1. Can you give me the C-alpha center-to-center distance between segment 195-243 and segment 143-159, rounded to a whole angstrom?
2. Fewest first, what order do 11, 147 take by the number of other Cβ atoms within 10 Å?
3. Counting other beta carbons within 10 Å of each residue's own, what order do 119, 186 fall into, fewest first?
4. Would you mind ranking 165, 234, 125 so that the residue whose beta carbon has the fewest other beta carbons within 10 Å leads the list?
5. What relative contact order, as a whole-number percentage, does segment 184-234 give when Cα pairs under 8 Å and 6 or more residues apart are counted?
6. Given C-alpha coordinates of segment 90-137, what is the ratio Rg to Rh with the Kirkwood estimate of Rh?
7. When Rg and Dmax of the Cα atoms in Å is calculated directly from the model, which label among [x] 17.6, 55; [y] 19.2, 64; [z] 17.1, 52 fits?
8. Only Cα pairs under 8 Å and at least 6 apart count here; give the relative contact order of the chain as a rounded whole percent.
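A short reminder: the numbers here are calculations on the coordinates, not readings from a lab. For clarity, every value in this text was computed on a predicted model and none was experimentally measured. All Cβ positions, glycine included, derive from the backbone under ideal geometry; neighbour counts span all protein chains shown.
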């Protein structure tokens, strides 16, 4: 049995991942903003085989609340084998361009709050001498594109932070996993037209568990996104700035 903390537990990817942990008989502590959805998910996970499930309502951008939440999770679980940070929003790029306030809010939600939480989790895992910190980022953080560069900037910041954290904790027995999904069919992307490159949340969940089990450092999900993003990164800037991506 593993002890699993999931922050942003009501997101589609996090819920699908939690179901797979529950099927293994793991114990889970779920954190999110919607109390009713947390209770629904917790009841479902118990039916699916979770050893035990606890919940706490928290807005992840309230960094002052992180320590109390982690203490409550530790009290229930007795420590963490896996901590998954899965919260975030997909901003309207055009709206961000027109509003400094909205831009900073999205950077906070998708970037700074993740880094704040990862910092505290890293210290706890380091003190334990074992465990895994997994964070859902995005392929959008690979290169700034006019269609979503506010979101991409936040995800890119998180990816670089995790790279340094991984370097720090590698000798401490702690895995730091950066998860980079491509297009995923979730409520957050409901308005987008879907195509062949789109994956389902459970596809991503399966990849997350495989990456954790394999002690991977970085995983692109589905895996073909590694090649797609390599090609995008290799486009010379003088050509890239002419493209409408």
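1. The two parts, judged by their Cα centres, are 14 Å apart.
2. Exposure proxy ranking, most exposed first: 147, 11.
3. 119, 186
4. Ordered by Cβ neighbours within 10 Å, fewest first: 234, 165, 125.
5. Averaging sequence separation for qualifying contacts and normalising by length gives 28 percent for segment 184-234.
6. So for segment 90-137, dividing Rg by the Kirkwood Rh gives 1.19.
7. It is the value labelled [x].
8. About 18 percent, as a whole number.
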